[in-house]
Amino acid sequence: MRDDLEIVVAADLDWGIGLNGTQTLVIPEDRRHFREVTGRGTVIVGRRTLLDFPGGRPLKNRRNIVLTRDPAFAVEGGETAHSVEEALALCEDDPEVFVIGGESVYRAFLPYCRRAHVTRILARAGNDAFFPPLDSLPGWRLADPGEERESAGLRYAFQTWERRD
């Protein structure tokens, strides 16, 4: 079974990632960074996160695997999986696979990931969805703290976290 997936996430100081089903703090540079990192790879996304995308459509120029418990769910331009194992089987031969949320999808796939690309937003947003706190999880280390930047009054850094073997 794969253990080389990568995560892409934007999280605040409390590891918060969203409120009421949508991202709380949006930084345009983070959106560009997301597109650069995920490139033309495969993305694994939860159904609710997919529906929060513009038009509720899969991302362009990437293979989209949508994880859902709904057996009737289908989306044009994406493939559905109903379990972690099914999603992993679908992308078994794909060279680059990125897990892109939401909360339950991140938690389910974290054991299969070796790297996390974290846009760490240096603020607190009052979220109800959270990413696992890598800074307190055994086996994870901050490989690159990134350079502090600012956009529209928000400070952030593009960090790289890696799982220690």
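The values are calculated or read from the model by the stated rules, or taken from the named source; none is laboratory data. Keep in mind that what you see is a predicted model, and the values were worked out from it rather than measured. Cβ coordinates were reconstructed from backbone atoms using ideal geometry, including for glycine residues, and neighbour counts include every protein chain displayed. For the accessible areas, the whole protein counts, side chains as well, though only heavy atoms, and no ligand, DNA or RNA atoms are used. Shrake-Rupley method; radii C 1.70, N 1.55, O 1.52, S 1.80 Å.
Calculated accessible area for the range 1-107 comes out at 52 Å² per residue, all protein chains present (probe 1.4 Å; ligands, DNA, RNA ignored). Global dimensions of the range 1-49 from alpha-carbon coordinates: Rg and Dmax equal 12.3, 35 Å.
Put the Cα centre of the range 119-155 next to the Cα centre of the range 1-40 and the gap is 10 Å.
In units of the compact-protein estimate 2.2 N^0.38 Å, the range 22-71 shows a Cα radius of gyration of 1.18.
Only one residue of GLY18, ALA81, ASN64 has its Cα farthest out toward the positive end of the dipole of the range 1-88, where Lys and Arg carry +1 and Asp and Glu -1 on Cβ, and that residue is ASN64. Here the relative contact order of the range 1-127, from alpha carbon pairs under 8 Å that lie six or more residues apart, stands at 45 percent.
The amide H of LEU19, built 1.01 Å from its N in the peptide plane, has THR24, ASP128 as neighbours under 5 Å, considering only residues 5 or more places off or on other chains.
The helix-only estimate of mean residue ellipticity at 222 nm for the chain, built from DSSP H runs of length n ≥ 4 each weighted as -39500 (n - 2.57), is -5000 deg cm²/dmol after division by the residue total.
Put simply, the C-alpha atoms of the range 35-165 give a gyration tensor, and the ellipsoid matching it has half-axes of 26, 18, 15 Å, longest first.
Run the accessible area of the chain with a 1.4 Å probe and give the carbon-and-sulfur part as a rounded percent. Provide the component values of the computation, followed by the final result.
Values: 4070 of 8690 Å².
C and S fraction of accessible area: 47 percent.
For the chain, the longest principal axis of the C-alpha atoms and the axis of helix 28-38 are separated by about 50°.
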